[in-house]
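The values are calculated or read from the model by the stated rules, or taken from the named source; none is laboratory data. This one's a predicted model, so the numbers in the text were calculated from it and none came from an experiment. Methodologically, a virtual Cβ is constructed for each residue, glycine included, from the backbone with ideal geometry; neighbour enumeration extends over all protein chains shown.
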Amino acid sequence: MKSVDSDFSPSSLSGLAGNFPPRVLLRASGLTVRFGGLLALDAVDFEVREGEIVGLIGPNGAGKTTFFNCLTGLVMPDEGEVRYKGQLLVLRPYKVAEAGLARTFQNIRLFPNMTPLENVLVGRHCHTKEGVWSALWRGKRFREAEASARMAAAEFLDFVGLVPDEDLSAHSLSYGDQRRLEIARALACEPGVLLLDEPTAGMNPRETQAMLELVQQIRDRGVAVVVIEHDMRFIFSLCDRIVVLDSGCKLSEGTSVEVRKDPRVIEAYLGISPE
Amino acid sequence: MTPVPPSASHLTSRHKTNWSEMWRSVLRLSGRWRFVLGIAGALFVWTAAFSPWASFAFGYPGKMTLSGFPGGARVYLLPLLLLVSLLFFTLPVGATAGVRAALGLLFIAGYNFIAISWEGDGVDAVAWGAWIALLGSLLLLWAFASFLWEEADGRSLSGQTAGHTAVKLPDPIWQMLLVFGGVPALLICFVYALDVEESSRFVSLICCLGAGSAALSSLGFFNWTSELLARQRTFAVILLLIAALVFPFTQDGNGYWLRVLISVGVFASAAIGLNIVVGLTGLLDLGYIAFFGIGAYVSALLSDADFTTVHVRVPFLLVLLIGATVAGLVGIFVGAPTLRLRGDYLAIVTLGFGEIFRITMNNWNGLTRGPNGIAGISDLEIPSLFGSTPLNFGDAHEVFGVSLPNFANYYFLCIFLFIGMAILFSRLGNSRIGRAWMAIREDEIAASSMGVNPVRFKLLSFALGASMAGAAGTVSAHVTQQVSPDSFTFMESILLLAAVVLGGMGTIPGALLGAGVFYLLPEKLRAFQDVRMLMFGAALIIMMRYRPEGLIPNRRRKAEFREEKSRFSAGFLKGTGELDLMQQNPVQEGGT
Ligand SMILES: Nc1ncnc2c1ncn2[C@@H]1O[C@H](COP(=O)(O)OP(=O)(O)OP(=O)(O)O)[C@@H](O)[C@H]1O
Ligand SMILES: [Mg+2]
């Protein structure tokens with residue numbers, strides 16, 4: 001197994017049987033995005049396997065957020081395709097979410113005037129099917145579906161460490177709680193891959209530590225995580241594999257040790273070549 | 001008056017001429033004077049209420065020349081005066097409330113002062129009572145305002161906490177009793193207000209009620225009542241419903257107010273539909289009345305009117321369905337291409353659609369008889385529950401020995417219509433669909449990233465709103481008995497929108513209250529017919545300044561407006577990829 005996936009941490013294999021390499025969940029190939037004359041992504045190949053935590057790093061403006069936007073259908077790639085569990089993804093945001101990709105945003109995008117619970121309930125959207133008639137009729141099936149959605153939402157809130165409060169709207173939560181709520185909302189989609197865009201931005205060291213543990217717990221639930229971060233300590237202690245982007249190109253890929261030693265990475269970050 | 005510290009006045013005059021500062025320093029009162037002036041003011045107003053306001057009789061209502069009794073508009077000074085007197089004991093907490101109540105007194109005195117001198121050709125017509133009412137209310141205002149200034153200066157830090165303390169409610173049984181007493185009291189107030197004929201008295205009553213509620217609101221009274229009503233919602237709704245059903249029996253067979261309330265009910269029902277589109281989903285629909293018009297025309301054409309082009313008569317319940325369906329289909333037709341775009345395109349398109357509808361109806365002589373419209377629409381007839389003869393809505397009925405005018409039939413129908421719409425609104429709003437709508441309103445990108453198909457749900461909301469308007473329109477055609485293009489102007493769309501915004505977006509009572517204000521008040525303020533729109537405009541501006549969340553806001557929406565946070569503007573300044581999307585790809589949702 002080591003020979004095939006030297007960069008894969010064994011801890012993530014708990015739950016997976018046998019010694020064969022874990023399945024590739026998400027594979028993006030040749031993703032290219034141009035904004036006018038700017039080449040924001042240049043033929044990026046990327047894959048996520050079951051149960052791993054992948055770090056996506058790179059200097060400001062490297063195209064990390066654009067890459068997420070591209071995966072989730074917010075930006076149409078000019079070239080390239082994305083496959084999830086082998087199926088070609090239709091790059092529309094709601095289709096991507098239905099398929100099993102959920103994300104958070106670099107600048108938090110909650111539903112500010114809804115309660116935390118309602119925020120998470122919107123995340124349950126794909127997993128509930130009640131239409132107009134059943135909402136009007138309020139039959140037994142509707143009530144049961146509603147009750148179970150609420151219960152699930154409350155569990156997700158609890159999982160990230162928030163308590164539901166009916167009188168509180170999401171925008172009055174503290175910054176760290178808002179980030180956590182966004183994660184709970186994304187988890188409520190029951191994604192196979194969770195994309196986190198700078199989850200610890202603006203957090204103090206204690207909150208960052210809590211976030212680190214939270215991401216590990218998410219992985220332990222069997223959800224693969226891709227995380228964009230500028231906090232290198234966070235990335236190096238968390239990720240099984242790290243991908244480095246610079247000016248839209250994939251610069252390097254490997255374990256934290258490998259990436260840290262890579263001269264191209266050092267150059268990209270420090271602007272000088274180590275030689 | 002207390003001397004102002006020289007340094008302070010020096011500073012203010014040196015740096016900038018701050019007029020409110022200057023006035024304050026001139027008008028500031030010391031502790032004892034405040035009470036003396038306040039009590040003097042109260043006594044003045046008290047005397048004024050029982051003194052003549054007009055020096056000779058010239059038809060100003062309320063026997064204003066007589067002394068010794070509080071006739072006419074004078075009577076509305078008394079409740080406010082009582083409130084003010086009680087507020088003296090709550091100072092300094094009640095200072096804001098006192099200022100508001102005193103302002104109410106001032107408005108009543110001022111309005112009548114101006115009106116008397118206007119109608120009596122000069123200030124000579126004003127007797128001493130009105131003068132001392134003015135003087136007294138100014139004194140009261142001064143006294144209470146100086147309490148406020150003191151707080152603003154930070155010398156006394158007590159008070160002003162009333163609005164923020166946690167709401168404490170009595171036992172459930174007492175809660176029910178309070179609701180049980182409050183709802184009939186409201187109904188009695190309502191019937192009383194409808195009976196106030198002369199506009200001078202009515203304006204004074206409005207001043208009294210407005211200032212009174214503003215004062216109570218600053219004491220946290222409405223936080224308390226809304227909490228109370230939230231706890232006892234079902235009970236309160238049932239009581240209100242009973243009150244509404246009882247109303248026709250209080251009218252002595254007179255149909256005038258029923259007629260007015262019918263139009264309020266019809267428009268309130270349409271407003272609920274608009275509330276789905278605007279309040280829940282956050283789409284701006286500026287041509288909403290066109291969908292209402294579609295319903296009205298469908299109903300008019302299918303009822304075999306006297307002056308019509310189509311000679312068929314379809315049972316009303318079927319017409320209701322057809323009207324709603326046609327309006328909904330047209331809604332889909334208009335919305336499907338437009339709702340794929342982001343931003344304000346919908347507002348522009350609906351604005352255009354409203355005009356297209358009106359102009360089409362105006363020119364399609366073969367079907368709609370153009371500007372003449374379809375007239376002589378017959379009364380509704382529905383199968384009776386009791387006998388074999390169908391129930392004709394044109395007949396008066398005798399129920400429990402009380403004769404009900406024929407309008408009572410339509411009145412009851414409107415209540416059913418409103419209840420239907422309210423159920424539709426609250427059930428859909430409180431479900432997966434409603435949450436998807438709200439999510440789209442709050443943040444469309446985030447909503448779509450959570451699996452909500454924005455085009456689909458926006459279209460659903462738009463079409464549902466349209467068909468609710470259509471349903472309300474089918475009823476309205478029978479009530480007005482004629483349908484013509486000039487009842488569906490842009491102005492009507494704006495009035496409905498204003499009703500929704502004024503009442504409070506996203507709430508049912510808000511839609512009712514908003515429709516009430518916009519379709520009931522004009523009846524009462526006939527004297528101001530010419531400046532009606534001006535007054536509404538002014539009222540809306542004042543509202544947006546002091547109560548942007550609407551009269552009966554959604555509980556959480558209120559907080560949004562109250563906390564002015566710069567969080568989102570900060571996000572924009574950062575200019576990260578996600579927000580730039582909005583400006584970059586306006587047609588991003590369109591399929592390839
Ligand atoms: N919608 C857009 N239109 C035009 N240019 C864009 C758009 N979104 C991003 N860009 C540009 O693409 C480049 C990559 O931006 P992106 O937001 O992906 O960077 P990032 O790696 O996430 O940076 P950061 O670490 O600062 O978040 C930047 O130069 C940015 O200005
Ligand atoms: Mg970014």
* Asked: Looking only at the range B:523-554, which residues are in contact (Cβ under 8 Å) with a residue 12 or more places away in the chain and among the acidic types (Asp, Glu)?
  -> B:523, B:549
* Asked: If the Cβ limit is 7 Å and pairs must be 6+ apart or interchain, which residue in the range B:226-245 that is farther than 18 Å from residue B:553 by Cα pairs with which residue that is surrounded by fewer than 16 Cβ atoms within 10 Å (Cβ to Cβ) and of a type outside the set (A, V, I, L, M)?
  -> B:239/B:180; B:243/B:184
* To do: Please work out which one of (1) in contact with a helix residue (DSSP H, G or I) (Cβ under 7 Å, 6 or more places away or on another chain); (2) within 14 Å of chain B (Cβ to nearest Cβ); (3) more than 14 Å from residue A:189 (Cβ to Cβ) is the condition residue A:55 fails and give its number.
  => (2)
* Can you confirm whether the range B:485-505 contains a residue that is within 16 Å of ligand 2 (Cβ to nearest atom) and at pLDDT below 85? => no
* **Test result for residue B:431, closer than 22 Å to residue B:282 by Cβ and either of a type in the set (Lys, Arg) or at pLDDT 95 or above (or both)** => no
* Specify which of the listed residues (B:516, B:510) is farther than 30 Å from residue A:170 by Cβ, under 13 Å from the mean Cα position of the chain (by Cα) and either in a helix (DSSP H, G or I) or away from chain A (no Cβ under 14 Å) (or both). => B:516
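Kindly provide the set of residues from the range A:188-199 that are within 11 Å of chain B (Cβ to nearest Cβ) and away from ligand 2 (no atom under 16 Å from the Cβ), ordered by number.
Of everything in the range A:188-199, those that are within 11 Å of chain B (Cβ to nearest Cβ) and away from ligand 2 (no atom under 16 Å from the Cβ) turn out to be A:188, A:189, A:190, A:191.
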* **Flag if residue A:57 is within 11 Å of ligand 1 (Cβ to nearest atom) and under 21 Å from residue A:201 (Cβ atoms)** => yes
* **Segments classed as strands (runs of 3 or more DSSP E), wholly inside the range A:134-247, with at least 3 members that are more than 14 Å from residue A:117 (Cβ to Cβ) and either of a type in the set (Asp, Glu) or away from ligand 1 (no atom under 16 Å from the Cβ) (or both)** => A:193-197
* To do: Select the helices (runs of 4 or more DSSP H) contained entirely in the range A:17-129, then report the ones holding at least 1 residues which are within 16 Å of ligand 2 (Cβ to nearest atom).
  => A:64-71
* **Filtered residues of the range B:431-464 (kept if among the β-branched types (Val, Ile, Thr) and either free of Cβ contacts under 8 Å to residues at least 60 places away in the same chain or not assigned by TED's automatic domain parsing to the domain that holds residue B:339 (or both))** => B:433, B:452
* Structure fact -> Just one listed residue, out of B:302, B:261, is without any contact (Cβ under 8 Å) to a residue 60 or more places away in the chain and surrounded by 19 or more Cβ atoms within 10 Å (Cβ to Cβ), and it is B:302
* **Residue that is surrounded by the fewest Cβ atoms within 10 Å (Cβ to Cβ) [pool: residues in the range A:162-175 that are among the hydroxyl-bearing types (Ser, Thr, Tyr) and within 11 Å of chain B (Cβ to nearest Cβ)]** => A:175
* Asked: Residues in the range B:451-464: is at least one over 29 Å from residue A:152 (Cβ atoms) and away from chain A (no Cβ under 14 Å)?
  -> no
* Structure fact -> Only one of (1) under 29 Å from the mean Cα position of the chain (by Cα); (2) surrounded by 22 or more Cβ atoms within 10 Å (Cβ to Cβ) does not apply to residue B:347, and that is (2)
* To do: Would you be able to say whether some residue in the range B:525-540 is within 23 Å of residue B:420 (Cβ to Cβ) and touching a Phe, Trp or Tyr at 6+ places or on another chain (Cβ under 9 Å)?
  => no
* Structure fact -> The lone condition residue A:227 fails out of (1) away from chain B (no Cβ under 14 Å); (2) hydrophobic (A, V, I, L, M, F, W, C); (3) away from ligand 2 (no atom under 16 Å from the Cβ); (4) touching a strand residue (DSSP E or B) at 6+ places or on another chain (Cβ under 8 Å) is (3)
* **Residue within the range B:407-419 that is surrounded by fewer than 21 Cβ atoms within 10 Å (Cβ to Cβ), over 27 Å from residue B:507 (Cα atoms) and free of Cβ contacts under 8 Å to residues at least 60 places away in the same chain present** => no
* Structure fact -> Sole miss for residue A:179 among (1) touching a helix residue (DSSP H, G or I) at 6+ places or on another chain (Cβ under 6 Å); (2) buried (at least 21 other Cβ atoms within 10 Å of the Cβ); (3) farther than 19 Å from residue A:222 by Cα is condition (1)
* Structure fact -> Taking the range A:112-129 and keeping residues more than 13 Å from residue B:442 (Cα to Cα), within 7 Å of chain B (Cβ to nearest Cβ) and surrounded by fewer than 23 Cβ atoms within 10 Å (Cβ to Cβ) leaves A:126, A:128
* Just wondering, is there one or more residues in the range A:154-161 that are of a type outside the set (S, T, N, Q), in contact (Cβ under 8 Å) with a residue 40 or more places away in the chain, more than 9 Å from every other protein chain (Cβ to nearest Cβ) and at positive phi? -> yes
* Looking at the range A:70-83, which of the residues that are under 21 Å from residue A:50 (Cα atoms) and either among the β-branched types (Val, Ile, Thr) or crowded, with 21+ Cβ neighbours inside 10 Å (or both) is nearest to ligand 1 (Cβ to nearest atom)? -> A:70
* Asked: From the set of residues in the range B:399-447 that are over 23 Å from residue A:144 (Cβ atoms) and in a loop (DSSP other than H, G, I, E, B), which is farthest from the other protein chains (Cβ to nearest Cβ)?
  -> B:401
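Mind checking which residues of the range A:29-54 are of a type in the set (S, T, N, Q) and either in contact (Cβ under 8 Å) with a residue 60 or more places away in the chain or within 15 Å of ligand 1 (Cβ to nearest atom) (or both)?
Within the range A:29-54, just A:32 meets the criteria.
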